Amino acid sequence: MRKRDLKNLKINRIFLSLIVILTLTGFLASAKPNHDLGTLNLGTIEVIGERYPRVRESSFASCEVIERADIKRTSHKDISSYMEENTNINLHSGGVGFVSGISIRGISGGTKNNKTKVWLNGCPVNTLRRGFVLEVLPLNSIERIDIIKGPSSVLYGGGALNGSINITSVIPVGESYDINYEGGSYKTNLAGFSLQKRTEDFAYGGDLSYTDTEGFIKDPDSDNKLNPATIVKGGITGEYNIKNNIFTLNARKFNSLKDSPQFSFKNGTFKGVDKNINTGIGIYSLSWQHNFSKFRTSLRGFVNTETEKSDEMSRESSLNTGGVFEVSSDLSENLSGIAGYDWENLYLDIDTKYKDYYQRRLSPFLKLVYDIPRGPSLTAGGRYSINTEFSSRVTPKFGVSWDIFKDINFYGNIAQGYRPPTVGELHSKSLDSFGDPDLNPESSVNYEAGMRYKKRVFKYKMSVYKTIVKDMIVNQPPEETEYNTDGDKIIKKVQNISGTSPYHGVELGATVSAVKNIYFKISYNYLDPGDLTFHTARHRVKTRLGYRTERHSVYLAAVSAFDRYLWDYEGVKRGDYTVLNFKYGVNLTGNLGLYARVDNITDREYYLYFYQPTPGRNYSAGLNISF
């Protein structure tokens, strides 16, 4: 493994991508464009989860879209709880103060989220140690979320093994200010503030939120709570238009301080508390976009940082810098395409008694879409992944999409994913995610076919898939007891599951709104995980019955899981569960809204991840003031 001294390189690496952008922008801004960018008119190029051109990725794969209006109606505390209740993917979340894990079609990186590539405003935001923490973003900062299922390495890079999540933050369209407060069970308090303003050429916004809770896990020997948490997060965004150039700045910071109870992975026995877990995450990006005749060009630089330390764990810090360059175009009436490359520089800094580690990635990519007149649309693309520590790899994707009838679309695709281990997975000294320098890259291939039907009163979608993962990287307890060089017992270790792991499944979803103001949604997942049953359920059902008008919004939602597994090598079953949630909201005036929620109405006791408890019945109420 190549190793470099972070102390000499860190500052230069942090700002390298931003300096490159500013330098190139100064040169390119002097060019006279042939096409007015105006208000981001992207022609037939689909804007998918960002304000940057992407070539109709959702047309050839299963995709779920979450709009800002949908989020505001539900009054959830964070993204993870919203997505668990409202999307067809599964999240491992232990409530306020816990970070959540993403599982798409049974393939999960646990709470490390390292199987899913997450993009914010056109830049990857995954960190080395934990993948991505959804709780970094407050809900009021999000305009749209696109969830694309299946390997997405062609456009979204290494790490998109089971899918990608593309998040667009709010860009102001006028001037507004929002204040919100929520109080609830477990002495939980949440307060937030956000502002937006736009002028003719400039727009900016900002948000700040604070959450504090005493926790919900009781000490077996007393009434004290074992998982108190305090979270502070905030961010700014700005957009500046000058001479047909658009510059966008995003900066976010997340800090949490919490205690985390530890339970036996074998039987759930309480083992103690890891106190004062201090986690800090930073996400920063700067982008430039311009149109040259038929070509749309964008250049973005990003910096992602993470630091974590606790009373039981030595400090570990990661730094991820890089950039994305893209050119997209409608090459002809029927042909469009996108080409570019992205690069990442990855660092891991482990306390003072360990060495620092470094890794670099570079990946050119190309994707084309051809629309056959009165026939299907075809797509083909590929990515060439170059890594300083592992062999290079090509990951192709082919797809077809056909609107056979006006309201019915059929699609299918074959795609490959590839993810080399990060320096964190190779060299981390954390006892709950101990690294292995001999890890192999993991890869996947996905076969999918599906259909969509859309009418005003009825929407239906279905997909059938098979995903085969080779040499999957997991973080779980070693089969035999292991210790680090200091004699401390390793709790969980990063390791390969050798060979291939096939996943088969069916996804169904429908929305009915035949009666005015009343709607019903249902989704069903069937999953056959083969021998790799780690934290999977064969059957998942999510339903929601709701009523909404301009002033009132009320719904009852249910999340159910059946035929669940804990271990992949012992076949231990978990209990089935159904969780009911209720919400009512009212808009009293144009500026004041009130809401109340009851989550886990039946006080169901269940576990999502190993034996980590989840909240029982809990209540919350809040208000939102806009002006």
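The values are calculated or read from the model by the stated rules, or taken from the named source; none is laboratory data. Keep in mind the model is a prediction, meaning the values are calculated, not measured. No Cβ is skipped: glycine too gets one built from the backbone with ideal geometry, and neighbour counts run over all protein chains shown. To get the accessible areas, we keep the full protein, side chains included, count just its heavy atoms, and leave off ligands, DNA and RNA. Shrake-Rupley method; radii C 1.70, N 1.55, O 1.52, S 1.80 Å.
Matching residues to (1) touching a residue at least 40 places away in the same chain (Cβ under 8 Å); (2) in contact with a Ser or Thr (Cβ under 6 Å, 6 or more places away or on another chain); (3) not acidic (Asp, Glu):
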{"residue": "GLY192", "(1), (2), (3)": "yes, yes, yes"}
{"residue": "GLN196", "(1), (2), (3)": "no, yes, yes"}
{"residue": "THR199", "(1), (2), (3)": "no, no, yes"}
{"residue": "ASP207", "(1), (2), (3)": "yes, yes, no"}
{"residue": "ASP212", "(1), (2), (3)": "no, yes, no"}
{"residue": "PRO220", "(1), (2), (3)": "yes, no, yes"}
{"residue": "ILE231", "(1), (2), (3)": "yes, yes, yes"}
{"residue": "ASN241", "(1), (2), (3)": "yes, no, yes"}
{"residue": "PHE247", "(1), (2), (3)": "yes, no, yes"}
| remark: Here the residues within segment 363-402 that are at pLDDT 90 or above, over 23 Å from GLY163 (Cα atoms) and open to solvent by 60 Å² or more (accessible area, probe 1.4 Å) are TYR370, ILE372, PRO373
| Of the residues in segment 497-520, how many are open to solvent by 40 Å² or more (accessible area, probe 1.4 Å), part of a strand (DSSP E or B) and either without any contact (Cβ under 8 Å) to a residue 24 or more places away in the chain or touching a Pro at 6+ places or on another chain (Cβ under 9 Å) (or both)? | 2
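Just checking, how many residues over segment 285-296 are touching a residue at least 60 places away in the same chain (Cβ under 8 Å), at negative phi and out of contact with any helix residue (DSSP H, G or I) (no Cβ under 8 Å at 6 or more places or on another chain)? Even if it seems obvious, please write down each step before you answer.
Here is the first cut: in segment 285-296, the residues touching a residue at least 60 places away in the same chain (Cβ under 8 Å) are 285-294, 296.
This time we only want the ones that are at negative phi, so: 285-292, 294, 296.
Okay, now just the ones that are also out of contact with any helix residue (DSSP H, G or I) (no Cβ under 8 Å at 6 or more places or on another chain), so 285, 289, 291-292, 294, 296.
Selection size over segment 285-296: 6.
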| Say we look at segment 180-237 and pick out the residues that are among the acidic types (Asp, Glu) and more than 22 Å from GLY593 (Cα to Cα); which of these is most open to solvent (accessible area, probe 1.4 Å)? | GLU200
| Tally time: how many residues in segment 595-627 are of a type in the set (Ser, Thr, Tyr), in a loop (DSSP other than H, G, I, E, B), open to solvent by 30 Å² or more (accessible area, probe 1.4 Å) and in contact (Cβ under 8 Å) with a residue 40 or more places away in the chain? | 2
| field | Matching residues, segment 394-432, being over 20 Å from the mean Cα position of the chain (by Cα), within 19 Å of GLU482 (Cα to Cα) and not hydrophobic (A, V, I, L, M, F, W, C) | value | HIS427, SER428, LYS429, SER430, ASP432
| query | Before we move on, is VAL445 surrounded by 23 or more Cβ atoms within 10 Å (Cβ to Cβ), of a type in the set (A, V, I, L, M) and in contact (Cβ under 8 Å) with a residue 40 or more places away in the chain? | reply | no
| field | ASN180 being more than 30 Å from GLU605 (Cα to Cα), part of a strand (DSSP E or B) and either modelled with pLDDT under 90 or under 22 Å from the mean Cα position of the chain (by Cα) (or both) | value | no
| message | I want to confirm something. Restricting to segment 154-179 and keeping residues that are closer than 21 Å to GLU507 by Cβ and hydroxyl-bearing (Ser, Thr, Tyr), which single residue is surrounded by the fewest Cβ atoms within 10 Å (Cβ to Cβ)? | response | TYR156
| request: Provide a single number: the residues in segment 242-269 that are open to solvent by less than 70 Å² (accessible area, probe 1.4 Å) and either in a loop (DSSP other than H, G, I, E, B) or closer than 30 Å to THR481 by Cβ (or both). | output: 10
